[in-house]
Structure formats: structure tokens, C-alpha cells
1. Take ASP119, project a point 7 Å from its Cα along the Cβ direction, then tell me which residues of segment 299-316 have their backbone nitrogen under 20 Å from it.
2. What distance in nm separates the two pseudo spin-label positions at LEU10 and SER261, each 7 Å out from Cα along the beta-carbon direction?
3. Under 10 Å, Cα contacts only: if you run a Gaussian network model on the chain, which one of PHE60, PHE73, PHE331 comes out with the highest mean-square fluctuation?
4. Tell me, what HN-Hα J-couplings in whole Hz come from the Karplus equation 6.51 cos²θ - 1.76 cosθ + 1.60 at θ = phi - 60° for each residue of segment 300-313, using x for Gly and Pro?
5. Using the number of other C-beta atoms within 10 angstrom as an exposure proxy, rank TYR247, TYR41 with the fewest first.
6. Could you give me D for segment 234-360, from Stokes-Einstein at 10 °C and 1.306 mPa s, where the hydrodynamic radius is the Kirkwood radius over C-alpha pairs? Units µm² s⁻¹, please.
7. So what's the convex hull volume per residue for the Cα atoms of segment 8-99, in Å³?
8. Gain in length, ARG32 to SER212, computed as 0.36 nm per residue apart minus the alpha-carbon separation, to one decimal in nm?
Amino acid sequence: MTAPLPLRTLELSGSPRELGRWHGQALGPEIRALRRSLLHYLARISLYGGALPLYALAVFLGKRFWPFIPPRFQEEMRGVAGGAQVGLGTILLLNVIDDLANNSPRCSALAAGGPYTRDGSYLLGRNLDYPLFTREMVQHLTLFLLAPAQGLPLASLAWPGYVGVCTGMNRAGVALAQLTSMSRDRTWRGVPAALRFRQALEEGADVPTAASLVLKAPGTIGNNLLLCAPAEAAGLEIAARQGVIRYPRGGLILATNHYQSGLMAPIKGRFPPRPPFSPLAAHHFTEAYSQARLARLQDLTRGTPLWPGKIQKILADSGIANAGTVVSVVFSPSEAKLWVARGPQPPVSHGPFQEIRLWD
């Protein structure tokens, strides 16, 4: 097998402003490249209107979230903007674009422990699938190792300019995977999703505490969230103002992009249409596709031992991965390890995978 290209890793520590400044200075060219990619896309869809008016509108809408962002993350974003020499509106937009578009209904995740694993410790595997900017997301994927002045150290797989966490693990051994879920309960008046989850990892030293932090924080959009520690796991089905917790059955819990709990059924939302120029087909933007991936996960995990290599193969399965799979990772909280797919193009889960030990 071809050796994986080493994943870029950026270690940051200090106050919120220091975290942001060093982030922006180290990755300024990449942040500006992501802004250019977004402008290029907006130019393609704007017909004769041009990209700048649409970009200005997106930044304006993103600013509606600003009053609800915890002050330390506001300060960190200011630091990123200053270090990268870009406007604060650009950094804010990079961090709330999912809350604005809510257009990523193709992710898949599983947590397995108990009888499924060799020593009973839980493993977490996830694919993050995106409808646009797939080449840029693969190219610029970065492992951020954050040591904030206050809060738990954590690792986050993300992109230049991104302060939130959608895929990560803290030093206490709590791993997290964010998945979109279509919900009619949405609002501007909440903590943007990835920042809500960053807060939970910084303050939650176990799964119950992290889950409680997520549930009590006002949200913005629908999400399914898997949380996993060495001896426990949970799934959260959340919306802007409500949520429920699901627990593993016999050591296994699965999630795709629809609510499985009957308590959340009344607020299930409609799936979005395919955005222009997406590499994915219209079928990928349906609940039927989410249901099919869940059924495929059930088939692939039924009654079989699971270890990191096996989960990697599940994440690469043609019924799970797709042309939008830009991140594929397996976490072992008990070993403080992760395996990150380093495929050169989506679906990256075709590998190879790079093994990384955190916090030696």
C-alpha cells in the first residue's frame, strides 16, 4: 500500500487571542486561498451579479450569529483574522457556513465497544461528507492540537481559519463526531454548531458532562452527534432548542443524517436540494440515502468484531463513502490515537490511513 502523505499538524497554546494569532500567521495563505475558492464559486452561480455582492450578503448574514458566540471564541477569531490579514467577517463566515447552509446530509458514523472490541474499549469512526469545495477540503485538512489557557487540551481535524470542532478528541479521552440532521427547529439566536461542540470538548472530561454542555447551550440547526470515551458512548439528536440522548445497544451506536428517536420525529425537516456544481448526485441529498447508509452500517457491523482496520474498511465501503467524503477517521480514546485517511481525492476513505498518537 502507498505510504500516506503526512497530515499537516499545527500546535497552538495560550490565550484565545494567542491561539488565533498564531493560527492566522501560520495558515494565512491557505485562509486566503479558501476565501478565493468561495468567491470563485459565488461567481459561477451569480450569473451576471458577480461574486462580491453574494459574498457581502453571506458575511452580513453570518454576523447575526456573533452576539451568541462565547467571548473567548470571538477573541480567537479576531486573532485569526489579524494573523492572517483578512477581515473578521471572512473568519466568521468560515465558522458559520454550515449554520447558514445546513447542506451536508451525507455523513456517517459509528461507535463500538463492549462485545465488539478486543478489550471492550470504545472506538469511534466517522466519514465527513461535503457537497462542495471537496478538493480544497482534502488539500487543506489540518490537525490542530490546541492547549487553551483555560480548558482541556484537544485535537481537531479541521481547516485553516476554522475555530470550531466537527471532528475531534480532548485529552480526557472524549471523542466527537458532528453530523448534520435536517430539522425544522432552527434559529439565528444560538451558538453556531461547531463552536458549541468545541466548548463541550474543552469543558467536558466525560461523555455525560460533554453531552450536558451541548444540550444546555442554545443551538442553531439540527445535528446528530456521537460522543465516545474509553468506557462509554452516546448519540445526541439535537436541534436549536431541544434534544435527546441515545445510548448504545449491546455496545454499538450508529448515526447518519436523520433523527432516529421518535421524540425528534415531529421536527424532522426536509432535505436540501443539490447545490449547483456539486460532485454529488441529487440522490445524495435525500433521506432515502441517509436511511440506506444507516442500513448498510447495520449490515456491516452486525455480529462482527471491530478494530480500527475493520472500521476503516467499513468507512470505505461503496454504500457508505461517496464523492463528497473529505474526512475519514477512526478514534481510539483509550490509546489517545487516531487513524486519518490520506486518500488524495474523495472518497478519502479509500486510504491509506495515517496512524497518529496524541499527547505522548
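Derivation of every value follows stated rules applied to the coordinates shown; laboratory data play no part. Computed from a predicted structure; not experimentally measured. No Cβ is skipped: glycine too gets one built from the backbone with ideal geometry, and neighbour counts run over all protein chains shown.
1. So the set is 305-312.
2. 3.5 nm
3. Answer for the Gaussian network model of the chain: PHE60.
4. So the J values, rounded to whole Hz, are 6, 9, 5, x, 10, x, 10, 9, x, x, 5, 5, 4, 5.
5. Working: TYR247 10, TYR41 19.
Exposure proxy ranking, most exposed first: TYR247, TYR41.
6. Rounded, D is 97 µm²/s.
7. Dividing the Cα hull volume of segment 8-99 by its residues yields 96 Å³.
8. Numbers: separation 180, 0.36 × 180 = 64.80 nm, distance 3.63 nm.
Fully extending the segment from ARG32 to SER212 adds 61.2 nm.
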